[in-house]
Amino acid sequence: MESPVEIEMLLYTGGSWKVDHTPGDAVYTEYKGNTIGTHLLKVPLNFTCSMLHDHVRRTAGSSPFNLSYKRPMQTHDPDITFSPIIVDNDEDLEYHFRDHMRMQIDEGKPVELYHTVRD
């Protein structure tokens, strides 16, 4: 089987992370009446953070900053299963996001990114 030359990701836009003080995970919710959009993003296998940001800008038509993903985690609180982690530079990409991406693909799950709206 031939290795893929592109990676597909789902990009969610129009929302922000809502973290309240009740038990449980943060929730990506509509921001000030925006509609949550879902976009299919295709990036080359060897993408850099700036390439990822360029693809987000073209796909979503908005600033590529404030990208995050759901990083699974285990805490003392069983209701918290992930933490939203920012992908802001090549270090974030190389040391954290790529491992997460590989795990998602190996488990047959989609690779998801979230664009957080900021004022």
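The values are calculated or read from the model by the stated rules, or taken from the named source; none is laboratory data. Fair warning: this is a prediction, and the values are worked out from it, not measured in the lab. Here the Cβ positions follow ideal geometry from the backbone for every residue, glycine too, while neighbour counts run over all protein chains shown. Surface accessibility is based on the protein's heavy atoms, side chains included, excluding ligands, DNA and RNA. Shrake-Rupley method; radii C 1.70, N 1.55, O 1.52, S 1.80 Å.
Specify which of the listed residues (T48, T59) is of a type in the set (S, T, Y) and at pLDDT 90 or above. First the steps, then the outcome.
On the way: T59 fails: at pLDDT 90 or above.
The conditions single out T48.
To keep it simple, each residue is scored yes or no on (1) free of Cβ contacts under 8 Å to residues at least 60 places away in the same chain; (2) assigned to a helix (DSSP H, G or I); (3) within 25 Å of S16 (Cβ to Cβ).
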{"site": "N46", "(1), (2), (3)": "yes, no, no"}
{"site": "Y69", "(1), (2), (3)": "yes, no, yes"}
{"site": "D88", "(1), (2), (3)": "yes, no, yes"}
{"site": "D92", "(1), (2), (3)": "yes, yes, yes"}
{"site": "F97", "(1), (2), (3)": "yes, yes, yes"}
{"site": "G108", "(1), (2), (3)": "yes, no, no"}
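Evaluated against (1) open to solvent by 50 Å² or more (accessible area, probe 1.4 Å); (2) of a type in the set (A, V, I, L, M, F, W, C); (3) in contact with a His (Cβ under 8 Å, 6 or more places away or on another chain); (4) assigned to a strand (DSSP E or B), L40 falls short on exactly one condition, (3). Can you name the residue in the range 20-37 that is out of contact with any Asp or Glu (no Cβ under 9 Å at 6 or more places or on another chain) and not aromatic (F, W, Y) and, of all such residues, is least open to solvent (accessible area, probe 1.4 Å)? Taking the candidates together, the pick is G37. When L52, L45 are checked against the criterion of being open to solvent by less than 40 Å² (accessible area, probe 1.4 Å) and touching a strand residue (DSSP E or B) at 6+ places or on another chain (Cβ under 8 Å), a single residue qualifies: L52.
Candidates in the range 65-115 are the residues that are of a type in the set (G, A, S) and under 19 Å from L41 (Cα atoms); of these, the one that is most open to solvent (accessible area, probe 1.4 Å) is G108.
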